[in-house]
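Have a look at the structure below, then the notes.
The values are calculated or read from the model by the stated rules, or taken from the named source; none is laboratory data. None of these values were measured; they are calculated from a predicted model. A quick note on method: Cβ atoms are made from the backbone with ideal geometry, for glycine too, and the neighbour counts reach across all protein chains shown.
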Amino acid sequence: MRKIAVVAAGGTGGHLFPAQALAEALIARGWGIVLASDERVAGLAQDFPAERRIGLSAATFRPGDPIGMMRAGFAVMRGALQARAVFREIDPNVVVGFGGYPSAPALVAAVMDRRPTVIHEQNAVMGRANRLLAPHVQTVACAFPTLNKAPGNVGGRAKVVGNPVRPPIRALAEIPYVPPEPNGPLRLLVTGGSQGARLLSELVPEAVKALPEDLRKRLIVQQQTRVESMNTARRAYRDALVDAEIAPFFRDIASRLRDAHLVIGRSGAGTVCEFAVAGKPAILVPLAIAIDDDQGQNAKLLADAGGAEVARESQLTVESLAGALEKLLNSPERLARMAAASRSVAIPDAAERLADVVEATARK
């Protein structure tokens, strides 16, 4: 009989992209996939390769809010009961969670029913939902060699598999980095603007504007920018006489990443791992308000290897970013070294490694 995996994931791309990559790897091995999430995500994830989608009751809470915690607990238990009813029908061989509160009900149900369970942590700091569930699941897989905030002995038994990336990004692992030629074009890619990186939306164009004229003439900028910042960014690049393409979102991000000489972005787990797989030198700006500084810890993977410079928000100015850009763009040799360092810590076959872990844990 064909085996069934329930994949439980939250509603952000950081959870859904690696979940989808695993689903595709398991489907290629003959598995059937069921997506479990909250009601909203299950209805919206139409591109997810699942033969069935389960919408479960779920809720989150703010730390220090006991009433919110109680409400979230009741919602998760209600979702777990919903999941148990479905599990009795489909009898999954394994339930795999990717973090985020929408993943909790399916995993709680699987633990209650003593079904095989796996969680995958995308960040270098274990998220709250995974932190609560990790002691009770059979197998813990993680993207980074470090796993801060993991409870008890969970970190010691976690299997490092990397962060599954989408196939177009995975294909970039086979393409060598080509540094900019003397007096040739300099391709700068800026990501993350549409997901709240107002700082990058507004600061990067001003930093580019402050660069020497000889560099600005060579620059080709592609930047994801918040909608409300697009006109300001376009004006800054126009005043700087810089060839720039501005959009809230690039659907063909893989091809743009392939051609980039330097990338600037936040340091969410998916972003860091995609930059590493693509082998790109980077300037990373961790989100200052991120819980437990997970983005700062993610950035250390590339920074410690020599593949990225980390710019903390508290020290980041137009002048400091312009200075960093000028030094890097004027040194193709350094860019090439950073690219090699970035690729040295990549795990491009993370989806296959995680699929191996899932199959080893699943009921035979």
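Some values worked out for this structure:
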item: Single condition residue 141 does not satisfy, out of (1) over 18 Å from residue 261 (Cα atoms); (2) surrounded by fewer than 22 Cβ atoms within 10 Å (Cβ to Cβ); result: (2)
item: Hits in the range 271-297 - residues which are hydrophobic (A, V, I, L, M, F, W, C) and closer than 25 Å to residue 175 by Cβ; result: 272, 273, 275, 276, 277, 278, 282, 283, 284
item: Residues of the range 144-175 satisfying the condition of being under 19 Å from the mean Cα position of the chain (by Cα), surrounded by fewer than 18 Cβ atoms within 10 Å (Cβ to Cβ) and within 20 Å of residue 360 (Cβ to Cβ); result: 159, 160
item: 3 or more residues free of Cβ contacts under 8 Å to residues at least 40 places away in the same chain and not assigned by TED's automatic domain parsing to the domain that holds residue 93: qualifying strands (runs of 3 or more DSSP E) within the range 114-230; result: 219-224
item: Those residues of the range 332-364 which are farther than 24 Å from residue 95 by Cα and out of contact with any strand residue (DSSP E or B) (no Cβ under 8 Å at 6 or more places or on another chain), in sequence order; result: 332, 333, 334, 336, 337, 339, 340, 341, 343, 344, 345, 346
item: Residue 297, sole failed condition from (1) at pLDDT below 95; (2) part of a helix (DSSP H, G or I); (3) in contact with a Ser or Thr (Cβ under 8 Å, 6 or more places away or on another chain); result: (1)
item: Subset tally (residues that are crowded, with 19+ Cβ neighbours inside 10 Å, more than 24 Å from residue 271 (Cα to Cα) and not aliphatic (A, V, I, L, M)) for the range 223-252; result: 1
item: Verdict on residue 283 being in a strand (DSSP E or B) and over 23 Å from residue 343 (Cα atoms); result: no
item: Residue satisfying all of: in the range 65-98; surrounded by 14 or more Cβ atoms within 10 Å (Cβ to Cβ) and small (Gly, Ala, Ser); nearest to the chain's Cα centre (by Cα) among these; result: 97
item: Filter pass, residue 57 being modelled with pLDDT of 85 or more, surrounded by fewer than 20 Cβ atoms within 10 Å (Cβ to Cβ) and small (Gly, Ala, Ser); result: yes
item: Some residue of the range 300-316 being within 18 Å of residue 206 (Cβ to Cβ), touching a residue at least 60 places away in the same chain (Cβ under 8 Å) and surrounded by 15 or more Cβ atoms within 10 Å (Cβ to Cβ); result: yes
item: Test: residue in the range 192-202 that is closer than 27 Å to residue 316 by Cβ, in contact with a helix residue (DSSP H, G or I) (Cβ under 8 Å, 6 or more places away or on another chain) and at pLDDT 95 or above; result: no
